[in-house]
Each structure stands twice: as C-alpha cells, then as structure tokens.
C-alpha cells in the first residue's frame, strides 16, 4: 500500500492553460486527510509552491525548480541543492545569441529563482541545447517553459532526499507527471505514472498512463490506486 504521492503540477494537475483541476484538488485533500503524504514537485518557484501547498491542502512538502530546491512541511526551511551561477552564465549566452537574431527571451520569475533560470518556449529548445552542448548544465523542456540548471539537478534525486526526511521509502510513493523533467521521480518511485498528454519519452518509462489528459487523468490514476480511500 502506498504511503505517499509525488506529483507534478503544470500539465498534470492543470489543463493546457495552467488552470488547476478542482477535481484533482479535492482528490489531493482526501488523500492527505487520510494519511497519504502528497508532495508537489515542479519547475515552479518556491514562493508559488508555498502558496499552492496551503491552498491545495497538502502537508507542505514540495520540490521546486526541477529539483533545485525543496522544503519539508510547512515549518521547514527552504533547502538549496545547487546555486544558479552557471545557469545565469548560460542564460546570458542564450540572450546574446538570440538577440543577434532579433529575439528577446521572455524570462519567468527571474528574481524569485535560486537554482535555475526559465524562459518562454519562443525559441527552439534544440537550438538552446546545441548552443550549450559543452556547458555543465541541463536544459529541460517542460511543455510550459525552457529551464536551465547546473548539470545533475533532477526531481528524482531530490525526491530521494525528501523521502528520507519524511521517513517514507521511495518505493512507498506513487509518482505522476507529464514531461521530461518528471522522468527521474517517475523512475525512482514504487510506481511511476503519467497523464495521457505526457511527452512520448515519459509514456515509455511509465508503469501506467491514464486514458484521459491533464487533471482528469491525475484523478483517474488516484482512483485506480487509492480506491480504498477515494471510493468511500
């Protein structure tokens, strides 16, 4: 029996316009109130995740910036896995490169990030990867933004740090996501799932994929694995 759920947000708990599924929120609340630890894991900033934990109704634990930061519970201090100096240097190279083409990168929450940088998907992610091929950084395409962070940062690795702090084994978690930044945690959990709108490489490594996309897919997977709680 699973003791925890670790879930992505954008594209997993939301629709394509990033609007949270009210059914997914209600499902999370019922799980948390029944003793299942629900952990939010996202490329989003810690300031946003702090609010979402409270408003959605989790226990307060989250992973942010694709594994770059995390917090345990509502009273824990924000922990930094890696700083973003190399990410900023890489971003500056990208800005210069695309400015020469007449393109200005749209940065996302630059001043609120501690471990990575993120910008709009208005340029080809493969061009960014080619430009930074020799840099010690990873480039993540989440379907909502392009992220750059120090090489080796990963939701899955930080997930294992978080589970140790929570006293719950990784194999006692169900993980669910939709994009390449979720692959590490999907592989690390006891069962790894994805919603129907997931990227192909995520579908390939998942144990189960929902029949419907987005937040409704999340609810389907929770009902399938926690029927003893949600069928009451």
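Taken together, the values in this text are just the output of simple stated rules run on the coordinates, not laboratory data. Nothing here was measured: the structure is a model prediction, and the numbers come from that model. Please note: Cβ atoms are built from the backbone with ideal geometry, for glycine as well, and neighbour counts cover all protein chains shown.
Looking at the chain only, what percent of DSSP beta bridges run antiparallel? Nearest 5 please.
50
Evaluated at 20 °C with a viscosity of 1.002 mPa s, what Stokes-Einstein diffusion coefficient in µm²/s does the range 11-67 have when Rh comes from the Kirkwood expression over alpha-carbon pairs?
Diffusion coefficient, whole number: 186 µm²/s.
Note the per residue figure in Å³ for the convex hull of the C-alpha positions in the range 135-185.
Normalising the Cα hull of the range 135-185 by residue number yields 78 Å³.
Of all alpha-carbon pairs in the chain, indicate the percentage at a distance above 29 angstrom.
23
Between residue 230 and residue 211, what length comes free when the chain is fully extended (0.36 nm per residue of separation minus the Cα-Cα distance, one decimal in nm)?
Once the chain is fully extended between residue 230 and residue 211, it gains 5.0 nm.
I need the Debye-formula profile for the range 120-232: one equal scatterer per C-alpha, no solvent, reported as log10 I(q)/I(0) at q = 0.10, 0.14, 0.23 1/Å, two decimals.
Values returned for q = 0.10, 0.14, 0.23 Å⁻¹ are -0.35, -0.65, -1.26.
Sticking to Cα atoms, compute the Rg of the range 85-150 to one decimal and its Dmax as the biggest Cα-Cα distance, whole number, in Å.
10.7, 29
Which of 105, 40 comes first, and how do the rest follow, when ranked by fewest Cβ neighbours within 10 Å?
105, 40
Could you order the peptides 124-134, 47-57 from most to least packed, using the average number of other C-beta atoms within 10 Å per residue?
The peptides rank, most packed first, as 47-57, 124-134.
By how many nm would the segment from residue 80 to residue 104 lengthen if fully extended, with 0.36 nm per residue of separation less the alpha-carbon distance?
5.7 nm
Quick check on packing: order 15-28, 169-182 by the mean number of other C-beta atoms within 10 Å, highest mean leading.
Packing proxy ranking, top to bottom: 169-182, 15-28.
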